[in-house]
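Step one of this worksheet: look at the structure below.
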Amino acid sequence: MKAPTPPLPKFARPAPPRPDERVDEAGRPVRPSLQDQAKSVGVGVTSWVEERVGLSPFLRGFLFRKVPKGTNWFYTLGSATMFAFLSQAVTGVFLAMYYEPDPTRAYESASRITNEVFLGELVRGMHRWGATVMIILIFLHMGRTFFFGAYKYPRELNWLIGVALLILTMAMGFTGYLLPFDQRSYWATVVGVNINASGPILGPYLADFLRGGAEFGAVTLSRFYAIHMMLIPGLIAALIGFHLYLVAKLGTTAPPWVKPDKKALAKREL
Ligand code: HEM
Ligand code: HEM
């Protein structure tokens, strides 16, 4: 008699038989077909990861979630903003490989990127114009969510996270602007920091924090560089993650001209 199989721990699921472990009715091993062998290279790797990570229910829920009738191109503006940010991150990392955050070297290193580094002019141009594109897209996306009433219950928190993302994105533009360290970027930043200093109560402290003391100098540049390269991108990435989690959890707002589908609402499908 066959020995009973020991019970699996509660949390474990029996693994499906692998192509090379299959047996026929008489219990003889079945040679995997060529197709099975080919599958085990690609699909095998994904299922190996999936069996251990278990992300597919989450991904399926996110990628195949229902969206209301009437969803149109305006709904792509959030994703477009996200891709602008990703493009900024990729081009920014390449710029950081050549850029030197030192007052005596910054201008020279930035012009070396434009004039000498292979494709440097293209990458720097993409980063410079990408910054403007991201700001335009974020405002258009904010306009879409405002005019479609997507800030109302239950999405108020997502709107507030959006406001934080807007402020952080503008702070990226401000901190990045100093980095080329030419006359224009230097004096524009001096003016910007002085405007901050004129704010009530916290203003002078914020200006001291940005300058790294009472005077503009080498510390100011490395501070702006660290804030631009690490602090704010980390915050933006984390907030985008939370923003998207809420979009998936709460669903998408229907356009104002589409009547709510009461049946779907009752079933909490939208
Ligand atoms: C992870 C993300 C990012 C990294 C690693 C990064 C890195 C850099 C570096 C190394 C520079 C100096 C090179 C240069 O001046 O050409 C720079 C410049 C700049 N960055 Fe970023 N950046 C990032 C994201 C952003 C974002 C999201 C924005 C704005 C929305 C932005 C706006 C700027 C601007 C305006 C400049 C000045 C460009 C110029 O005048 O040449 N950056 N960035
Ligand atoms: C880095 C900036 C941002 C990124 C990457 C981003 C990304 C997204 C994405 C991908 C969506 C879902 C698709 C869509 O509706 O477009 C979304 C929805 C939403 N976003 Fe943003 N967003 C950003 C900034 C903002 C800002 C500035 C606000 C408002 C102040 C905002 C408020 C919202 C709201 C309320 C929704 C829900 C829309 C709905 O239910 O129809 N987001 N965001």
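The values are calculated or read from the model by the stated rules, or taken from the named source; none is laboratory data. Keep in mind the model is a prediction, meaning the values are calculated, not measured. Quick reminder, even Gly has a Cβ in these numbers, built from the backbone with ideal geometry, and neighbours come from all protein chains shown.
Just one of (1) touching a helix residue (DSSP H, G or I) at 6+ places or on another chain (Cβ under 8 Å); (2) within 26 Å of residue 138 (Cβ to Cβ); (3) more than 10 Å from ligand 2 (Cβ to nearest atom); (4) among the small types (Gly, Ala, Ser) fails for residue 197. It is (2).
Every test in (1) surrounded by 14 or more Cβ atoms within 10 Å (Cβ to Cβ); (2) farther than 20 Å from residue 231 by Cβ; (3) not β-branched (Val, Ile, Thr) is passed by residue 147 save one, and that test is (1).
For the range 160-203, what are the residues that are small (Gly, Ala, Ser), closer than 23 Å to residue 84 by Cα and either surrounded by fewer than 16 Cβ atoms within 10 Å (Cβ to Cβ) or in contact (Cβ under 8 Å) with a residue 12 or more places away in the chain (or both)? Hits for the range 160-203 are 162, 164, 171, 173, 176. Of all the criteria given as (1) in contact (Cβ under 8 Å) with a residue 24 or more places away in the chain; (2) more than 11 Å from ligand 2 (Cβ to nearest atom), the one not satisfied by residue 206 is (1). Contact map, the range 125-136: residues that are touching a residue at least 12 places away in the same chain (Cβ under 8 Å) paired with residues that are charged (D, E, K, R) and more than 8 Å from ligand 1 (Cβ to nearest atom), Cβ distance under 9 Å, separation 6+ or inter-chain. No pairs are found. Restricting attention to the range 117-159 and to residues that are basic (Lys, Arg) and near ligand 2 (Cβ under 7 Å from one of its atoms), the residue that is nearest to residue 85 (Cα to Cα) turns out to be 144. Selection of the range 161-193 for residues being away from ligand 1 (no atom under 11 Å from the Cβ), over 21 Å from residue 101 (Cα atoms) and either touching a helix residue (DSSP H, G or I) at 6+ places or on another chain (Cβ under 7 Å) or aromatic (Phe, Trp, Tyr) (or both) yields 161, 162, 164.
Can you tell me which residue within the range 168-185, out of those that are within 19 Å of the chain's Cα centre (by Cα) and of a type outside the set (S, T, N, Q), is farthest from ligand 2 (Cβ to nearest atom)? Ranking the qualifying residues of the range 168-185, first place goes to 176.
Counted as qualifying within the range 205-270 are the helices (runs of 4 or more DSSP H) with 3 or more residues that are at pLDDT 90 or above, namely 218-226, 232-250. Can you confirm whether residue 165 is in a helix (DSSP H, G or I), of a type outside the set (Gly, Ala, Ser), more than 16 Å from residue 92 (Cβ to Cβ) and under 17 Å from the mean Cα position of the chain (by Cα)? Yes. Here the condition is being part of a helix (DSSP H, G or I) and more than 23 Å from residue 170 (Cα to Cα); of 109, 87, it holds for 109 alone.
For the range 112-140, a tally of residues being assigned to a helix (DSSP H, G or I) and either near ligand 1 (Cβ under 8 Å from one of its atoms) or surrounded by fewer than 18 Cβ atoms within 10 Å (Cβ to Cβ) (or both) returns 20. Within the range 49-72, the set of residues being assigned to a helix (DSSP H, G or I) and touching a residue at least 24 places away in the same chain (Cβ under 8 Å) comprises 51, 61, 62. Condition check for residue 94 on (1) under 30 Å from residue 217 (Cβ atoms); (2) touching a residue at least 60 places away in the same chain (Cβ under 8 Å): one failure, at (2).
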